[in-house]
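Accompanying notes for the structure given below.
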Amino acid sequence: MTLLVLIKLIIFSKHNYGTHMDKKIKKVALLTSGGDAPGMNACIRAIVLTCLRYGIEVYGYRHGYNGLIQQEYLSLRAKNVTNIIQRGGTILHSARCTEFKSDEAAELAGKNLDILGIQALLVIGGDGSFRGAKHLSEHWQGQVIGLPGTIDNDIYGTDATIGYYTAIETALESIDKVRDTADAFERIFLVEVMGRHAGFIGLSAAIASAADQIMVPELSRAADDELENIISHIEEVKNRRGNSSYIVVITENLWAEGVTKLAEILTERTKVDCRPVILGHVQRGGSPVSQDRVLATKLGVFAVESVIEGKTGVMVCEANHELICLPLETSWEKQKELDPYLIKIQTDTFDLLNRP
Ligand code: ADP
Ligand code: F6P
């Protein structure tokens, strides 16, 4: 290799996208932002313990980006993260902070981070929070790293987000209970799950609870078509198996008039009692299941290692059992797709109407 090629390689690696290679990391901060998710505490714990392991001081900003603007922080030691791995919510609290979209707020946040001598900020949250991190990086020289934490699982590039598995489990427990009463009365139930505008919780909860029908944004049709489709499905199922329970898992925000109205329409049209059940924020709470704790721990440790390696402007992800970094923009520029195989199972293979 010629000297010139070697020099070029060194220059490229120093300025490679997403890396700040040349400083020793001494102070790191983190925050949780947007909808809280079970496993955020496990992630905070992993970040704090890894920082301490590498001799890095670590600070936690409270109340999402509000804490950065208001300089509301605390120093985090091992004792702060003892006995939190099993707790839902976030010990740092979370918030939505519309003010952070302004340049003034991001500049102030950058100044506050500099006053404290912070070299890297880790943001645990969803794609909105990652936009916030990107916005901050336009006004601050430090490193920024995102960790995907949201029950919605709607972040491209990572197989799962922290909190998703627990939310499915919570939805599933409720749907199983709904099935008992639905069976007793041979009723239709519409069970509304969270997901904002994504059907990940809906599809997984439907498969795992053997729901009769799903309504998720990714598969949605015009409202009239959707209605006629579901009514004809209910009627055909009734013809085949007689009176029975019938459960529809539906993602929030999908039916414009709300699930209570949809239940009224279905009752009237099918002449079978239909009841709505809105699971709501219970899906955000509770002790994280083991998969969320393990994922949160892996991503937390990997995020700190990525900071030490000089990475910035990236989110840490797990894809096919491999830990990787992707540009923060990927989270809003690319759309994560539902698993087509699961869709086929739910809508075709296991559909009663497809059985001989
Ligand atoms: P999530 O992170 O769960 O997707 P949100 O979409 O509510 O949740 O975003 C969380 C927070 O991230 C917002 O309240 C705001 O503080 C910040 N944020 C979102 N979008 C932007 C943006 N374009 N610029 C700056 N900050 C943003
Ligand atoms: O993003 C997580 C989430 O729980 C979504 O599933 C839901 O649409 C939204 O947050 C609810 O937000 P809020 O708690 O502000 O009502």
*For region 275-312, enumerate the residues that are within 16 Å of ligand 1 (Cβ to nearest atom) and in contact with a helix residue (DSSP H, G or I) (Cβ under 6 Å, 6 or more places away or on another chain).*
Gln283, Asp292, Ala296
*Being in contact with a helix residue (DSSP H, G or I) (Cβ under 6 Å, 6 or more places away or on another chain) and open to solvent by 50 Å² or more (accessible area, probe 1.4 Å) is the filter; apply it to region 79-99 and report the residue that is farthest from ligand 2 (Cβ to nearest atom).*
Arg87
*Starting from region 327-356, keep only residues that are within 23 Å of Gly146 (Cβ to Cβ), then list their pairs with residues that are outside any loop (DSSP other than H, G, I, E, B) and of a type in the set (Asp, Glu) whose Cβ atoms are within a distance under 9 Å, requiring at least 6 positions of separation or different chains.*
Pro327/Glu333; Leu328/Asp127; Ser331/Asp127; Trp332/Asp127; Glu337/Glu218; Leu338/Glu218
*Kindly indicate whether Glu173 is within 19 Å of Leu328 (Cα to Cα), open to solvent by 40 Å² or more (accessible area, probe 1.4 Å) and of a type in the set (D, E, K, R).*
no
*What strands (runs of 3 or more DSSP E) lie completely within region 40-151 and have 1 or more residues being in contact (Cβ under 8 Å) with a residue 40 or more places away in the chain and within 25 Å of Met194 (Cα to Cα)?*
120-125, 143-148
*What residue, among those in region 100-134 that are within 15 Å of ligand 2 (Cβ to nearest atom) and surrounded by fewer than 24 Cβ atoms within 10 Å (Cβ to Cβ), is nearest to Val314 (Cα to Cα)?*
Arg131
*Could you please give the count of residues in region 135-165 that are more than 11 Å from the chain's Cα centre (by Cα), open to solvent by less than 10 Å² (accessible area, probe 1.4 Å) and of a type in the set (S, T, N, Q)?*
1
*Quickly run through region 212-233 and pick out the residues that are closer than 15 Å to Arg187 by Cα and open to solvent by less than 10 Å² (accessible area, probe 1.4 Å).*
Ile230, Ile231
*Output the residues belonging to region 156-194 that are closer than 17 Å to Gly39 by Cβ and small (Gly, Ala, Ser).*
Ala160, Gly163, Ala167, Ala171
*Here is a list of conditions, (1) open to solvent by 70 Å² or more (accessible area, probe 1.4 Å); (2) acidic (Asp, Glu); (3) at pLDDT below 95, and Glu333 meets all of them except one; can you say which number that is?*
(3)
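The values are calculated or read from the model by the stated rules, or taken from the named source; none is laboratory data. The shown structure was predicted, so the numbers you read here are calculated from the model rather than taken from an experiment. Cβ: placed from backbone, ideal geometry, glycine included. Neighbour counts: every protein chain shown. Protein only, heavy atoms only, side chains kept; ligands, DNA and RNA dropped before computing areas. Shrake-Rupley method; radii C 1.70, N 1.55, O 1.52, S 1.80 Å.
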